[in-house]
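J.: Okay, handing you the structure first.
The values are calculated or read from the model by the stated rules, or taken from the named source; none is laboratory data. Values in this document were obtained by computation on a predicted structure and should not be read as measured data. We place every Cβ from the backbone using ideal geometry, glycine too, and count neighbours over all the protein chains shown. Ligands, DNA and RNA are excluded from the accessible area calculation, which covers all protein heavy atoms including side chains. Shrake-Rupley method; radii C 1.70, N 1.55, O 1.52, S 1.80 Å.
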Amino acid sequence: MSSKAIRTRFAPSPTGFMHIGNLRTALYAYLLAKSTGGQFIVRIEDTDQVRLVEGAVDVILKTLEMTKLDYDEGPVAGGPNGPYIQSERKDIYKKYAEELVEMGHAYYCFCSQERLQQLHDENGVGGYDRHCRDLSQEEIRQKLEAGEPYVIRQKIPLTGVTSYYDEVFGEISTENKEMQDQILLKADGYPTYNFAHVIDDHLMNVTHVVRGSEYLTSTPKYVLLYDAFGWERPHYVHLPLLMGQNEDGKVSKLSKRHGAVSFQDLVNMGYLPAAIVNYIALLGWCPKDTNKEIFSLDELKENFSIEGINKSPSVFDYEKLKWFNSEYIKMMSPEEFAEKTEPMLKEICPDHVDTRKLANLLHTRVSTLNEVTDMVGFIVSRLPMESDLYTNKKNKTTPELCRQILEEVKPLLENCGNWDNDTLFELLKAYAAESSRKVGAVMWAVRIAVARQAVTPGGATELMEVLGKEESLGRINQAIEEL
Ligand code: GLU
């Protein structure tokens, strides 16, 4: 192994959304570079012009920004090895493809679409029959002069075995006869992914290629290209598959049927970028000598190493992500939580509601930011209810007892000057003592009357504080009438 600084890259194709598997690849590439003081590069692989999606590059860059995966070189930031968008590097690839032809490791192929289609129909996906592999120099010259469209294909050796060492999966070998003479340069002059990424990784001095394991078996073709040019091969770090749990308990490749799979969707559902990053860091990597699960990005940088990457597939667990998210929400300061949730609360709550205090009540009780709005329906409006909610065994309450309590506390509350939790609590406690009733029973009656539902984020007096005096008394009056 050479001792030069580690340089990794994240090379997404702009598809319009960031799959969490891709984000995990970016994260591991970033961590590998940053855990060793190396550099992290971003390169956009957009040579498949047919599949271009508008705005897709912005989605990628925005995701990296939100997750704080800062890159040293890449689009916008620039750098000494740019451009970092493959379509802007189009001219670079042709020269290398022609060089390979000259060296005998690639060849011009003039086969028409019709011929290839016919082959495909006859042989299935079996692939190309190497028809143009042995054209004479003269034939090639004539066709090129006549302006016949062509592609350039890799000339894979017909015998032998090609092997490489993957840092996670170990030795990977493929019989050369199993490999296709894949296209390197397309008829439109654009390179294929197979070719472009090799050229770019070399020119950008990438030392470690970190990517999904779907490339594990095609990598022998890529190392043949490095060998043909006489270039040093990079280290390969293929990551385990990301799976999702199906309804029948089995697992399959993580996809939409398992739930949200894009970073943006998770954020829209109320997950925090830092919690997502923390969770996916552990989906395929394990820190050494610790059971710790909560890691900041800096801590991940300190702890990350290739040895901790697992080769068995990891299963994405939405419940576990929720747990991480609730831990991250709890770690927020009350101000930070309120800043994020108050705008949502303000939008749905009537003016009399103290949204700051409501946010404080919800802070330790939600696992996603969006749950905030799901939990406050009873604050937004008075819900229909049945009087049996007033019956509670532990506090020995009945609807009848609750009616008495409410009638008695009503004038006390009406005269209460300071409408805050502490004052209200003391007031109800003092009433309980004077009337020889259990505090629990008094609180139960009032809480059910003002909330009109059994489970609430906060007790009777906290809820009254949030609702304000007028609305709280309005609800108590309504409760007395209904009982
Ligand atoms: N553009 C490829 C993809 O998005 C990158 C694979 C690689 O990292 O080499 O799958």
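J.: If R0 is 22 Å, what FRET efficiency do you get for residue 205 and residue 62 from their C-beta distance, rounded to 0.05? Write out the running numbers ahead of the final one.
T.: Details: r = 27 Å, r/R0 = 1.22.
Once rounded, the FRET efficiency stands at 0.25.
J.: Could you bin all the Cα-Cα distances of region 128-175 into 5 Å bins starting at 0 and give me the percent of pairs in each, rounded to whole numbers?
T.: Going from the shortest bin to the longest, the percentages are 5, 14, 19, 17, 12, 10, 9, 8, 6, 2.
J.: Restricting to Cα pairs below 8 Å that are 6+ residues apart, what does the relative contact order work out to for the chain? Please round to a whole percent.
T.: 12 percent
J.: With a ≥ b ≥ c the root eigenvalues of the C-alpha gyration tensor of region 107-235, is it rounded (a/c under 1.5), prolate (a/b larger than b/c) or oblate? Walk me through the numbers before you get to the answer.
T.: Values: a/c = 2.08, a/b = 1.61, b/c = 1.29.
The shape class here is prolate.
J.: Calculate I(q)/I(0) for region 278-417 by the Debye formula, one identical point scatterer on each C-alpha and no solvent, and give its log10 at q = 0.10, 0.11, 0.16, 0.21 Å⁻¹ to two decimals.
T.: Listed by q, the Debye log ratios stand at -0.60, -0.68, -1.00, -1.22.
J.: Continuing with this model, one more query. With helices defined as uninterrupted DSSP H runs, which ones in the chain have an alpha carbon span along their own long axis of at least 27 Å and mean Kyte-Doolittle hydropathy of at least 1.0? List each step's numbers first, then the result.
T.: On the way: long enough: none.
Length and hydropathy pass: none found.
J.: Further question on the same structure: Calculate the length of the line joining the C-alpha centroid of region 1-39 to that of region 224-255, in whole Å.
T.: The distance from the Cα centre of region 1-39 to that of region 224-255 comes to 14 Å.
J.: On to the next question. In the chain, what percent of the accessible surface is made up of carbon and sulfur (1.4 Å probe, ligands and nucleic acids excluded)?
T.: On the way: 11410 of 23050 Å².
Here it works out to 50 percent.
J.: When the scattering of the chain is computed by the Debye formula from its Cα atoms alone, each counted once and equally, what is log10 I(q)/I(0) at q = 0.06, 0.11, 0.12 Å⁻¹?
T.: Debye curve over Cα of the chain, log10 I(q)/I(0) at q = 0.06, 0.11, 0.12 Å⁻¹: -0.45, -0.95, -1.06.
J.: Further question on the same structure: How much of the pair distance distribution for region 1-128 lies past 20 Å, counting alpha-carbon pairs only, in percent? All intermediate terms of the calculation are to be shown ahead of the outcome.
T.: Working: 4819 of 8128 pairs.
Result: 59 percent of Cα pairs exceed 20 Å.
J.: Measuring with a 1.4 Å probe in the full set of protein chains, what accessible area per residue, in whole Å², belongs to region 247-386? Present the calculation step by step, with values, prior to reporting the outcome.
T.: Numbers: 7360 Å² over 140 residues.
Averaged over the residues of region 247-386, the accessible area is 53 Å².
J.: What FRET efficiency comes out for the pair residue 320/residue 92, r = Cβ-Cβ distance, R0 = 35 Å, nearest 0.05? Write down the numbers at each step before the final one.
T.: Values: r = 44 Å, r/R0 = 1.25.
Given R0 = 35 Å and the Cβ-Cβ separation, E is 0.20.
J.: Same structure again: How about the chain: what cysteines have no other cysteine beta carbon under 4.7 Å from their own?
T.: 111, 286, 349, 402, 416
J.: Same structure again: For region 161-233, rounded, prolate or oblate, judged on the Cα gyration tensor with a ≥ b ≥ c (square roots of eigenvalues), a/c < 1.5 rounded, else prolate if a/b > b/c?
T.: Values: a/c = 1.65, a/b = 1.23, b/c = 1.35.
It comes out oblate by the Cα gyration axes.
J.: From the square roots a ≥ b ≥ c of the eigenvalues of the alpha-carbon gyration tensor of region 161-301, which class results: rounded (a/c under 1.5), prolate (a/b over b/c), or oblate?
T.: Details: a/c = 1.92, a/b = 1.70, b/c = 1.13.
Because a/c hits 1.5 or more and a/b exceeds b/c, region 161-301 counts as prolate.
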